[in-house]
1. For Phe222, what is the net charge nearby, where nearby means another residue's Cβ is under 10 Å from its Cβ and Lys, Arg count +1, Asp, Glu -1?
2. Based on alpha-carbon atoms only, what is the radius of gyration of region 80-161 relative to the globular estimate 2.2 N^0.38 Å?
3. With a 1.4 Å probe and all protein chains kept in place, how do Thr182, Thr87 rank by accessible area, largest first?
4. If you average 1/r across every pair of different Cα atoms in region 35-145 and take the reciprocal, what Kirkwood value do you get, in Å?
5. What dipole magnitude, in Debye to the nearest 20, does region 95-227 give about its Cα centre under +1 on Lys/Arg Cβ and -1 on Asp/Glu Cβ?
6. Kindly sort Phe216, Phe167 by accessible area of their heavy atoms, largest first, with the probe set to 1.4 Å.
7. How many nm separate the modelled label positions at Asp189 and Val163, each set 7 Å beyond the Cα in the direction of the Cβ?
8. Residue separation times 0.36 nm, minus the C-alpha to C-alpha distance between Asp74 and Thr156: what's the value?
Amino acid sequence: MKRIVLFLLTNLAVMLVLSVVLSVLGVDRFLTESGINVGALLVFSLVVGFGGSFISLLMSKPMAKWSTRAQVIDGSEGPEQRWLVDTVHGLADKAGIGMPEVALYEGEPNAFATGAFKNSALVAVSSGLLQSMNREEVEAVLGHEISHVTNGDMVTLTLIQGVVNTFVVFLSRIVGYIVDRTVFKTERDIGPGYYITVIVCQIVFGVLASLIVAWFSRWREFRADAGSAQLLGTSRPMIDALTRLGGLEPGALPQSIASAGISNQPGFMALFSTHPPLAERIAALQSGQ
C-alpha cells in the first residue's frame, strides 16, 4: 500500500504546485479573459494533469526509499540478504524483466514494488515480514510484487491518474469561473473567489477521483496474487502468506503519510482502500480466478 499512498499524495501535491505556479504566471487570466476558452483550458488541464502524474511516477523510487528509509542490498551483507536478492532476481528472470533493486527497511510486515520503468524497478521488504513468515511465504509475497512490475501497474496507474487529474483541473476551473461570476460578482477578469474556489475544488475533486484509482488498485491486487501463483507454480504459498498476514498487525505507514492509511477501514472509507479484504483475495486464489 505504501507505493500507492505515496504516489497519490505526491501526485496531488505536484498537481497543486503546478496549478499555483501557472496561475501566478497568468495562465488562468489568459484562459478566462474573454470568458472561458474551453479548448485552451483542456490543453492546460492535460498538461497539469498528466504532468503531475508522470513527475510523481519518476519520483516514486527515491520517494519510497526516503519515506521508508529502505537500504538497497546486494547480498554481501549476510546469508539472509543473499537469499532475498537471489530470490528476487530469480523471480524477475522467470517473469522476463530486468533485475530490480532489492531493499530492506525496518518495520512491521509489509513489502512493496515501485519504479517508473519495468526493467529498473525497486522491490523492498520489511524486517517484520522476514521475521514473521517462512521462506516459501516470503517468496510468494516477492512473486506478488514482481507481478506488479511485470504487469506495468505503476505506469497504468499513472495513466489513469493522469486522466482523472485532467478532469479535476478542468472542472475545478469551470466551477471557479462560475462561482467568481455568480457569487463574488466579478465582472471583469477574475477575482480572489476564482482562485479560492479552484484550490478547494481541486482538493475535493482530487479526493473523489482517488476512488477510481483505489478501485483499479484493488483489482490489480487480485491479478498480482494470480501472478505470484503462476511464478511459483502453485497458489498455496500465496494463500498461506495472506492467511498469515490476516493474523498480523498491518505494516505502519511512514509518519509523513500515516493519515492516509485508511485501506482497512469498513463502510464508506473502504471505497478508498487500495487493497481488497484478505478473505476475498484468498477466496479468489482458491477458486483459481
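The values are calculated or read from the model by the stated rules, or taken from the named source; none is laboratory data. From a predicted model like this one, the values you see are computed outputs, not experimental measurements. Note that each Cβ is placed from the backbone with ideal geometry, even for glycine, and that neighbours are counted across all protein chains shown. Areas reflect the complete protein model, heavy atoms only, side chains present, ligands, DNA and RNA absent. Shrake-Rupley method; radii C 1.70, N 1.55, O 1.52, S 1.80 Å.
1. Local charge sum for Phe222: +1.
2. For region 80-161, the normalised Cα radius of gyration comes out at 1.05.
3. Greatest to least solvent exposure: Thr182, Thr87.
4. 15.6 Å
5. With Lys and Arg at +1 and Asp and Glu at -1, about 720 debye.
6. Values: Phe216 10, Phe167 125 Å².
So, going from the largest accessible area down, we get Phe167, Phe216.
7. 3.9 nm
8. Numbers: separation 82, 0.36 × 82 = 29.52 nm, distance 2.90 nm.
Extending this stretch completely gives an extra 26.6 nm.
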